[in-house]
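Report on one structure; see the data block that follows.
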Amino acid sequence: MATAATGPVPFKDVDDDGIDFSPRVLSPKEEFADLVASLLRKQLFMDGRLYQLGHSPRCRLIRLLAAFVGRPFTAAEEAAGAVASVIELCSFDRMKGLEVNKRSGTPGGYKSIPRDAFFRKGVNGDCANHMSPETAARLDGIFCDKFRGTGLAIPTTGSRHEAPQKHHISAMSPTNTGSGKPAGPIPFKDIIISDDDGDDNRQQQQQPPVADEYRDVIAALPCRLQGTPQRMRLYEGAWYREDWVPGIIAFHRRFVPRDDGGDVILASLPKCGTTWLKALAFAVAARGAYPPAGDVQRHPLARLSPHDCVPFVEAAYFAGEEARLEAAPSPRLMSTHASYSVLPASMRENPRCKVIYICRQPKDMLISYWHFMNRSKFNTMSFSDVWKSIPESTYFGSPIWEHILGYWNASKMNPDRVLFLKYEDVLCDPIKNIERIAEFIGQPFSEAEKKAGIVGSIINLCSLQNLKALDPNNIGFRRVVGIEVPNGSYFRKGKVGDWVNYVTPEMAESLDKFLCDKFHGTGFAFTD
Ligand code: PAP
């Protein structure tokens, strides 16, 4: 953008590369027009510099809108995060998920248009999936002519921006055996299932079928209510929130591992570094297609949450996304919170299937969980109930010592199939652990890559500081097994030993002792 104080500016001076933050004086009207144009140009979604919450152009736009309509945000509202709340409230994913905007019924005045027709993809650059570059160039030319001399620069469809790559995969074709298909892993959210006529079929099923299919099975499982935020069920030796159980059963019973290019499953108890591991494993495994160095704004992790790149298998089953799981090219990268006993035998015994488990010091895990629940507003557990959830086996996936030992023992028996990591170790020596991940999945770093500093690039790309500042990770909500959680709730402090700020040494000692007994003689111990 030109640095002239007033417009119009020479058209040639308008740079499509984004917003210039160098100080300049603009009238509110100019600033508003500038921001609208920038929003249209989609730079907001691509430029990592712009994502600082509270300073992103989106936030500035909301403030300008508020001032424009005579209702500027007060200092108190700003302090309470009102701007971010407005953005979250109006975010595409959130609005699309609202019942009132779903398929049934039609909004007033649009008698024959289903409500969900107003909420489709909401992504910039989707036109690239529907028209040839020649058609796009012709359209650009027409608009350029029409707006010439008006001072209004319309974003072009094709030239400077690459649309996020979408992967159309025919639901009817055999998976991953044909040539010409993209090699995995690719971001799960980018997979579009097309029928043989080429029509997109991304709509999630309205009624998750696995919840119906396994209703009777679940009703017969041991049940527990006390001290839990929600009813829990015991399945294959572990306690899970009831709403996760259909997906977990489907994973256990229906999942077919790949023989051709293999599968990689990232496993963990909640709040042990799942999101981080997803980012790291994706960046490592997909580094051929998506280089983590250079123009990282093009990396999927710059526009998608790690959870959009690597799905929870059980959540995918719950959401009726089984076809997408099937369509994902090999090697597939997926995750689970289920215990080792839930992994289908065909997977546990398949040398081409790899499991990476991450555990964390339980005191920090509990504190992280407490914050996550509060931020997600589905908390009905007191702090004391959360703290007791390990000995009382009300933590998701409990008993946690069995969850951990299931994977620990498997890693000892089959170190080439199960890699066991600790959050604290990865934090302390990321290079070593990222190299371990790469080697384990059969993609060791070459000497040239090491020399080029690729591991360091992956560390930076996946750092809490970087991910936390990105829009997909701090704005909006995501639905995980029927519950809406803010994207930002997955990113907090990322520290070792934060528990000291919440519990007394006596409380900590008592939990340590309890777990010490459970792990006695197993060879496993936590890193403090
Ligand atoms: P999940 O199991 O529900 O997906 P998970 O990602 O395991 O959650 O846990 C979130 C924790 O990982 C948070 O820890 P804290 O509450 O103690 O801060 C979060 O900050 C931390 N985390 C998320 N991303 C990263 C990262 N890139 N590096 C380090 N820690 C991270």
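In this structure, does Arg436 turn out to be farther than 23 Å from Tyr357 by Cα and among the basic types (Lys, Arg)? First the steps, then the outcome.
Working: farther than 23 Å from Tyr357 by Cα: no; among the basic types (Lys, Arg): yes.
So Arg436 fails the test.
I want to confirm something. Restricting to region 427-447 and keeping residues that are buried (at least 21 other Cβ atoms within 10 Å of the Cβ) and more than 16 Å from the ligand (Cβ to nearest atom), which single residue is farthest from Trp276 (Cα to Cα)?
Phe440
Within region 494-512, is even one residue within 30 Å of Phe318 (Cα to Cα) and either hydroxyl-bearing (Ser, Thr, Tyr) or not in a helix (DSSP H, G or I) (or both)?
Applying the first criterion (within 30 Å of Phe318 (Cα to Cα)) to region 494-512 yields 494.
Next, from what is left, pick out any that are either hydroxyl-bearing (Ser, Thr, Tyr) or not in a helix (DSSP H, G or I) (or both): 494.
For region 494-512, residues within 30 Å of Phe318 (Cα to Cα) and either hydroxyl-bearing (Ser, Thr, Tyr) or not in a helix (DSSP H, G or I) (or both): present.
Could you grab the pairs with beta carbons closer than 8 Å, sequence gap of 6+ or different chains, first residue in region 331-354 and without any contact (Cβ under 8 Å) to a residue 12 or more places away in the chain, second one of a type in the set (Val, Ile, Thr) and crowded, with 22+ Cβ neighbours inside 10 Å?
From region 331-354, no pairs qualify.
All but one of (1) acidic (Asp, Glu); (2) within 22 Å of the chain's Cα centre (by Cα); (3) surrounded by fewer than 18 Cβ atoms within 10 Å (Cβ to Cβ) hold for Asp471, so report the exception by its number.
(3)
Restricting attention to region 448-464, does a residue exist that is within 11 Å of the ligand (Cβ to nearest atom) and among the small types (Gly, Ala, Ser)?
yes
Can you name the condition, by its number, that Asp385 falls short on among (1) more than 15 Å from the ligand (Cβ to nearest atom); (2) over 30 Å from Ser85 (Cβ atoms); (3) not β-branched (Val, Ile, Thr)?
(2)
Is it true that some residue in region 221-232 is surrounded by 23 or more Cβ atoms within 10 Å (Cβ to Cβ), basic (Lys, Arg) and in contact with a helix residue (DSSP H, G or I) (Cβ under 7 Å, 6 or more places away or on another chain)? Don't jump to the end; show me each part of the working.
Taking region 221-232 as the starting set, the residues that turn out to be surrounded by 23 or more Cβ atoms within 10 Å (Cβ to Cβ) are 232.
Then drop every residue that is not basic (Lys, Arg), which leaves none.
Looking through region 221-232, none of the residues is surrounded by 23 or more Cβ atoms within 10 Å (Cβ to Cβ), basic (Lys, Arg) and in contact with a helix residue (DSSP H, G or I) (Cβ under 7 Å, 6 or more places away or on another chain).
Considering (1) part of a helix (DSSP H, G or I); (2) modelled with pLDDT of 95 or more, say which one Ser384 fails and leave the rest.
(2)
Based on this model, can you work out whether Glu424 counts as more than 14 Å from the ligand (Cβ to nearest atom), in a helix (DSSP H, G or I) and not aromatic (Phe, Trp, Tyr)? Reasoning before the result, please.
Details: more than 14 Å from the ligand (Cβ to nearest atom): no; in a helix (DSSP H, G or I): yes; not aromatic (Phe, Trp, Tyr): yes.
Against the criterion (more than 14 Å from the ligand (Cβ to nearest atom), in a helix (DSSP H, G or I) and not aromatic (Phe, Trp, Tyr)), Glu424 does not qualify.
Could you figure out which of (1) within 30 Å of Ala469 (Cα to Cα); (2) modelled with pLDDT of 75 or more isn't true of Ala79?
Every listed condition holds for Ala79 apart from (2).
I'm trying to understand the selection: among the residues of region 371-382, which are near the ligand (Cβ under 10 Å from one of its atoms) and either crowded, with 22+ Cβ neighbours inside 10 Å or hydroxyl-bearing (Ser, Thr, Tyr) (or both)?
Scanning region 371-382 gives a single hit, Ser376.
What is the residue count in region 368-418 for residues that are under 17 Å from Ser339 (Cβ atoms) and among the hydrophobic types (A, V, I, L, M, F, W, C)?
Counting residues in region 368-418 that are under 17 Å from Ser339 (Cβ atoms) and among the hydrophobic types (A, V, I, L, M, F, W, C) gives 10.
Suppose we filter region 316-357 for residues that are part of a helix (DSSP H, G or I) and within 20 Å of Glu242 (Cβ to Cβ); how many remain? Give the steps one after another, and end with the answer.
Applying the first criterion (part of a helix (DSSP H, G or I)) to region 316-357 yields 316-318, 322-327, 340-342, 345-348.
After this cut, where a residue has to be within 20 Å of Glu242 (Cβ to Cβ) as well, the list is 316-318, 341-342.
Qualifying residue count for the region: 5.
Could you please let me know if Ser393 is within 15 Å of the ligand (Cβ to nearest atom) and either free of Cβ contacts under 8 Å to residues at least 40 places away in the same chain or buried (at least 18 other Cβ atoms within 10 Å of the Cβ) (or both)? Steps first, please.
Values: within 15 Å of the ligand (Cβ to nearest atom): no; either free of Cβ contacts under 8 Å to residues at least 40 places away in the same chain or buried (at least 18 other Cβ atoms within 10 Å of the Cβ) (or both): yes.
The answer is no for Ser393.
Kindly indicate the residue of region 465-485 that is in contact (Cβ under 8 Å) with a residue 40 or more places away in the chain and among the basic types (Lys, Arg) and also farthest from the ligand (Cβ to nearest atom) among those meeting that condition. Spell out the reasoning first.
Restricting attention to region 465-485, the residues satisfying the condition of being in contact (Cβ under 8 Å) with a residue 40 or more places away in the chain are 466-467, 469-485.
Checking the rest, the ones that are also among the basic types (Lys, Arg) come to 478-479.
On the way: Arg478: 11, Arg479: 14 Å.
It comes out as Arg479.
If Asp295 passes every condition in (1) in contact (Cβ under 8 Å) with a residue 60 or more places away in the chain; (2) out of contact with any Leu (no Cβ under 6 Å at 6 or more places or on another chain); (3) not hydroxyl-bearing (Ser, Thr, Tyr) but one, which one does it miss?
(1)
The conditions are (1) part of a helix (DSSP H, G or I); (2) more than 11 Å from the ligand (Cβ to nearest atom), and Gly488 fails exactly one of them. Which is it?
With respect to (1) part of a helix (DSSP H, G or I); (2) more than 11 Å from the ligand (Cβ to nearest atom), Gly488 is out only on (2).
Take the residues of region 257-275 that are buried (at least 20 other Cβ atoms within 10 Å of the Cβ) and away from the ligand (no atom under 16 Å from the Cβ): which is nearest to the chain's Cα centre (by Cα)?
If we filter region 257-275 for residues that are buried (at least 20 other Cβ atoms within 10 Å of the Cβ), which is where we start, we get 258, 263-269, 271-275.
From what is left, the residues that are away from the ligand (no atom under 16 Å from the Cβ) are 258, 263-264.
Details: Arg258: 23, Asp263: 19, Val264: 17 Å.
The residue in question is Val264.
Given the options Ser368, Ser339, name the one that is surrounded by 23 or more Cβ atoms within 10 Å (Cβ to Cβ), within 19 Å of the chain's Cα centre (by Cα), among the hydroxyl-bearing types (Ser, Thr, Tyr) and within 19 Å of Thr274 (Cβ to Cβ). Quick ask: steps written out before the conclusion?
Working: Ser339 fails: within 19 Å of the chain's Cα centre (by Cα).
That would be Ser368, the only listed residue that is surrounded by 23 or more Cβ atoms within 10 Å (Cβ to Cβ), within 19 Å of the chain's Cα centre (by Cα), among the hydroxyl-bearing types (Ser, Thr, Tyr) and within 19 Å of Thr274 (Cβ to Cβ).
Restricting to region 276-302, and then to whatever is in contact with an Asp or Glu (Cβ under 9 Å, 6 or more places away or on another chain) and at pLDDT below 95, can you tell me which residue is nearest to the ligand (Cβ to nearest atom)?
Gln297
The values are calculated or read from the model by the stated rules, or taken from the named source; none is laboratory data. These numbers were taken from a predicted model, which means no experiment stands behind them. Using ideal geometry, Cβ is built from the backbone for each residue, glycine included, and neighbour counts are taken over all protein chains shown.
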